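So the structure is just underneath, and the comments pick up after that.
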Amino acid sequence: MNRKSILDNKYYLYLTEFFSGMAVMAVELGASRLLAPYFSSSQIVWTIIIGTIMIAMALGNVWGGRSADKDPNPDKLYRRMIIASIWIAAIPVVGKYIIVGISGLLVLTISHSFLVIAAFLACMIIFVFPLFLLGTVTPSLVKYTVRSLEDSGKTVGTLGASNTIGSIIGTFLPTFVTIPAVGTSVTFLIFSAILLLLGIVYFISERRRIRLCIISVILFIICSILGHSGNFAFWENDLTYEGESVYNYLQVKETPESVILSTNVLFGVQSVTQKDRSLTGMYYDYAMAGLQMAGLSQSDAGDVLVLGMGTGTFARQSKQYYPNLNITGVEIDKKITTLANQYFDTQDDATTYEYDGRAFLQVNSEKYDVILVDAYQDITIPFQMSSVEFFRLVRAHLKDNGVMIVNMNMHTDAQGNINEYLSDTIATVFPYVSTVDVAGSTNRELFATTNANAFTDFLQAKIPVISSNNTSAQAGLRMLYADIRNRLISYEKGNYILTDDKAPVELLGMRVIDALIQDELSYYKNVFRTEGLKGVLSQ
């Protein structure tokens, strides 16, 4: 009597389709989080991820269909699933090293589109092969499940529905459950384990390839041991905190002088607090000039709104010198607010709302003396907070003498750069715009107002005596205000306008990043051309 095969049970085949669809989407979302710390989480990176994965799936569909017609052996399908599962389990172990290695080689050899080329190659090497294998699942399962032409439509439809439902769950589960709870690395391992289990159940039930099952389990355990920690910044040995939220990769680092928060891009600083309460030397200091431009004195109970609160650097410094301010912060990432309370010296009287900056303005009717827009992070610029429509909304929430401050990254003098677009867009809404470059960085602070006297009063007025418990900080702020007055430039509006309908902020930002990379690494590129990799390593 012939033993009944597990494939005679269509429900197992539907489960195979369901979980393979789930795994594909989970890997795609995991890919975005794996790449974000190195390449940002911009639309460009997402486009590369989706594009390469669709290429892999399409090739897998074609090859899987032909393979199933030529040799409809289900052993081959489930063996491919096991191989894909082990590859996915290995991503947390080797993926970050591959990304860093590719970036290191390309940054020395190419002159344009570094972000696109590096992210694309990383995706091709890390993700195309396992997703190609998973792309063979659907055409193979059609071969095994369709028993007659009479019910072929129903069977194929059920397979498609199983894949789609699995993909839906695979979209929501990593984003809202596994990545915030256990991180990207463990998320890869979870969905790898599901695929591995499907393959093992098949082979054990068929009493074949037991050795393959044992070897695959051993490899999975090794990958789980080596890759479960998810330390993206593997060269850092003294991080205070490293983790992930629904929105960001997060890193807190403590030095003898300060505590620093970085998000998504490993080498940037998004928030900082100085342990001695001194000025940071960064754009947060320059932004405080906006308080003076709005006519606020230390005794005034002015109202300030911060869109992109982070851990509250601007709020902390402002309250130190202007203690009567009423500060409201908007921060979309709740985990950042939690880290602010845990590791940073937060202000109890600065209320923070978990909201998108533009959405907050749309539901809030309050008006403010100062609104700081600090939501731009390198190439990751929310397009909805860069348009004419957004800045009109900001203007509507300012008092008569109010001032908007915008922190712009990636300063460059190239014509048609991202900052020129932002400045022209703002100047379309605000009649008076001035800028000042932050010394020693690529940041530029922009101040905009409808008050014709705001900048002239700031330039002509006697530099105020800023009282503070920290004498050196008091002197430092007075010197900074004097420097800003000397370098503040009135901005003349041009014709580069961003709108809700057309705001190519990622492409504009990518151009600046390319130029900055080439400028910073020109010396090492010359060494590489003349002395090779050995010469670079000897520097």
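The values are calculated or read from the model by the stated rules, or taken from the named source; none is laboratory data. Given the structure is predicted, the values throughout are model-derived calculations rather than measurements. So basically every Cβ, Gly included, is an ideal-geometry build from the backbone, and we count neighbours across all protein chains shown.
Values as computed for the structure displayed
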read-out	value
Qualifying residue in segment 236-250 (condition: under 30 Å from Val201 (Cβ atoms), hydrophobic (A, V, I, L, M, F, W, C) and modelled with pLDDT of 80 or more)	no
Only listed residue being loosely packed, with under 15 Cβ neighbours inside 10 Å and at negative phi, chosen from Gly65, Gly51	Gly51
Search result, residues across segment 332-360 that are of a type in the set (A, V, I, L, M, F, W, C) and either at pLDDT below 80 or touching a His at 6+ places or on another chain (Cβ under 6 Å) (or both)	Ala350
Neighbours by Cβ (under 7 Å, 6+ apart or cross-chain): first from segment 271-293, of a type in the set (A, V, I, L, M); second assigned to a strand (DSSP E or B) and buried (at least 23 other Cβ atoms within 10 Å of the Cβ)	Ala287/Leu372; Ala287/Ile405; Ala287/Glu445; Leu291/Val370; Met293/Val403; Met293/Phe447; Met293/Thr449
Residue within segment 129-141 that is surrounded by fewer than 19 Cβ atoms within 10 Å (Cβ to Cβ) and closer than 14 Å to Met57 by Cα present	yes
Residue ID - farthest from Ile91 (Cα to Cα), chosen from residues in segment 207-226 that are surrounded by fewer than 16 Cβ atoms within 10 Å (Cβ to Cβ) and of a type outside the set (A, V, I, L, M, F, W, C)	Arg207
Test set (1) free of Cβ contacts under 8 Å to residues at least 60 places away in the same chain; (2) farther than 27 Å from Ile215 by Cα; (3) not charged (D, E, K, R) - Val116 fails condition number	(1)
Residue within segment 397-414 that is assigned to a helix (DSSP H, G or I), out of contact with any Asp or Glu (no Cβ under 8 Å at 6 or more places or on another chain), of a type in the set (D, E, K, R) and touching a residue at least 12 places away in the same chain (Cβ under 8 Å) present	no
Selection count, segment 264-287, where residues are part of a loop (DSSP other than H, G, I, E, B) and either within 21 Å of Met385 (Cα to Cα) or in contact with a Leu (Cβ under 7 Å, 6 or more places away or on another chain) (or both)	6
Subset of segment 362-393 (residues that are aromatic (Phe, Trp, Tyr) and either in a helix (DSSP H, G or I) or modelled with pLDDT of 85 or more (or both))	Tyr368, Phe383, Phe390, Phe391
Ser32 vs. criteria without any contact (Cβ under 8 Å) to a residue 24 or more places away in the chain, over 28 Å from Leu212 (Cα atoms) and touching a helix residue (DSSP H, G or I) at 6+ places or on another chain (Cβ under 8 Å)	yes
Which listed residue is crowded, with 22+ Cβ neighbours inside 10 Å, farther than 18 Å from Leu498 by Cβ and of a type in the set (Val, Ile, Thr), from Val363, Val403, Val394	Val403
Qualifying residue in segment 166-187 (condition: more than 24 Å from the chain's Cα centre (by Cα) and surrounded by 15 or more Cβ atoms within 10 Å (Cβ to Cβ))	yes
Tally, over segment 431-459, of residues that are surrounded by fewer than 20 Cβ atoms within 10 Å (Cβ to Cβ), of a type in the set (A, V, I, L, M) and not in a loop (DSSP other than H, G, I, E, B)	1
Close pairs from segment 471-489: first closer than 15 Å to Val436 by Cβ and assigned to a helix (DSSP H, G or I), partner of a type in the set (Gly, Ala, Ser) and modelled with pLDDT of 85 or more, Cβ under 6 Å, at least 6 apart	Ile484/Ala289
Counted residues, segment 304-315 - those being out of contact with any helix residue (DSSP H, G or I) (no Cβ under 9 Å at 6 or more places or on another chain) and of a type outside the set (Gly, Ala, Ser)	0
Residues located in segment 288-315, provided they are part of a loop (DSSP other than H, G, I, E, B) and within 14 Å of Phe447 (Cα to Cα)	Met288, Ala294, Gly295
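The rows are residues; the columns are (1) assigned by TED's automatic domain parsing to the domain that holds Ser20; (2) surrounded by fewer than 16 Cβ atoms within 10 Å (Cβ to Cβ); (3) over 26 Å from the mean Cα position of the chain (by Cα); (4) on the phi > 0 side of the Ramachandran plot.
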site: Lys70; (1), (2), (3), (4): yes, yes, yes, no
site: Ala84; (1), (2), (3), (4): yes, no, yes, no
site: Ile91; (1), (2), (3), (4): yes, no, no, no
site: Gly95; (1), (2), (3), (4): yes, no, no, no
site: Ile99; (1), (2), (3), (4): yes, no, no, no
site: Gly104; (1), (2), (3), (4): yes, yes, no, no
site: Ala118; (1), (2), (3), (4): yes, no, no, no
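Yes or no, residue by residue, for (1) over 25 Å from Ile55 (Cβ atoms); (2) aliphatic (A, V, I, L, M); (3) not in a helix (DSSP H, G or I):
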residue	(1), (2), (3)
Pro130	no, no, no
Leu133	no, yes, no
Leu141	no, yes, no
Ser152	yes, no, no
Phe172	no, no, no
Thr175	no, no, no
Ile179	no, yes, no
Ser192	no, no, no
